[in-house]
Amino acid sequence: MKVKKVGVLGCGLMGAGIAEVAARGGFATVVREVSEELWEKGHQRIEKSLAKAVSKGRLEDSERDNILGRISGVVELEDLSDCDLIIEAIVENVEAKRQTFEVLDETVKKSAIFASNTSSLTITEIAMATHRPERFVGLHFFNPVPVMKLVEVVRTLVTSDETAQRATDFVQAVGKQPIACRDNSGFIVNRLLVPYLLDAIRAHEEGVGSVEDIDKGMQLGCGYPMGPFTLLDFVGLDTTLYIADIMFDEYREKRFAPPPLLKQMVLAGRLGRKSGRGFYEYPKR
């Protein structure tokens, strides 16, 4: 059974991006937000992204209009009942995700696939809140979703072969590159990336090098597009701390433990680009 209609839970930064790529892929897309105000804000985010693509010659005006025509917004979970695939991109809180899927499980057709875009929580813990864990999968998109090509397709111990295949087919249909991951905190990318970022902070704490020199070393020495501190500021230090705490709780290994400097900066409100200051300063526009 092919996916024809996609539901997206949340229209924040990630949810809006997922809705956009789903609609670009030709899928009827229904986005659920908790209020009309938040839906309008998310819809404007999608319009802005598509307008940028048009201005750069990557998209025709007619294509943009067709994409927007495939996207609709709702505020009730029941309005997702006829979706073939529902992708959750709400707050990174396991109880909030479980409660949402518990409600959906009672209203959405039994053949539908559920997916979570979580970057750090285990899919199994969320899936077991439903009566369809065999039709539950992780689909971890990367920010910014319209640009980044990778999607981690996360399979649990009970995810069926059919579900994994349908999810992989969907990822390919929206023009992304899927990679198969086993269900563990951080999956592939964050399991390798987060210790690297935390170790960069520890190296700076220990006087190995300045923020600027460590960044430059990784860029010019390893060919990375940006250094670890620039990336930390982009992701958000609060987000990194939250993910690191979850992963440390899961693995209990030092490499996942947040360094003191990271905790202090978050407490001081130095969150990176979003706050105007992190490891670097960002003048207000």
Which residue pairs have Cβ atoms closer than 8 Å, lie 6 or more positions apart in sequence or on different chains, and pair a first residue in the stretch 209-220 that is without any contact (Cβ under 8 Å) to a residue 12 or more places away in the chain with a second residue that is in a helix (DSSP H, G or I)? G209/A203; G209/G217; S210/H204
If you go through L50, L59, L77, the only one that is at pLDDT below 95 and in contact with a helix residue (DSSP H, G or I) (Cβ under 7 Å, 6 or more places away or on another chain) is L59
Pairs, please: C-beta under 8 Å, at least 6 apart or cross-chain, first residue farther than 21 Å from G12 by Cα and in the stretch 47-65, second assigned to a loop (DSSP other than H, G, I, E, B)? V54/E60
Find the residue count for the stretch 175-224, including only residues that are among the small types (G, A, S) and outside any loop (DSSP other than H, G, I, E, B). 5
Give, as residue ranges, the helices (runs of 4 or more DSSP H) completely inside the stretch 66-174 that count at least 2 residues that are in contact (Cβ under 8 Å) with a residue 40 or more places away in the chain, surrounded by fewer than 20 Cβ atoms within 10 Å (Cβ to Cβ) and not hydroxyl-bearing (S, T, Y). 161-173
Return the residues of the stretch 17-42 that are in contact with a helix residue (DSSP H, G or I) (Cβ under 8 Å, 6 or more places away or on another chain) and free of Cβ contacts under 8 Å to residues at least 60 places away in the same chain; say none if nothing qualifies. A19, A23, T29, V30, V31, R32, E33, G42
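The values are calculated or read from the model by the stated rules, or taken from the named source; none is laboratory data. Keep in mind that this is a model prediction, so the values were computed, not measured. Please note: Cβ atoms are built from the backbone with ideal geometry, for glycine as well, and neighbour counts cover all protein chains shown.
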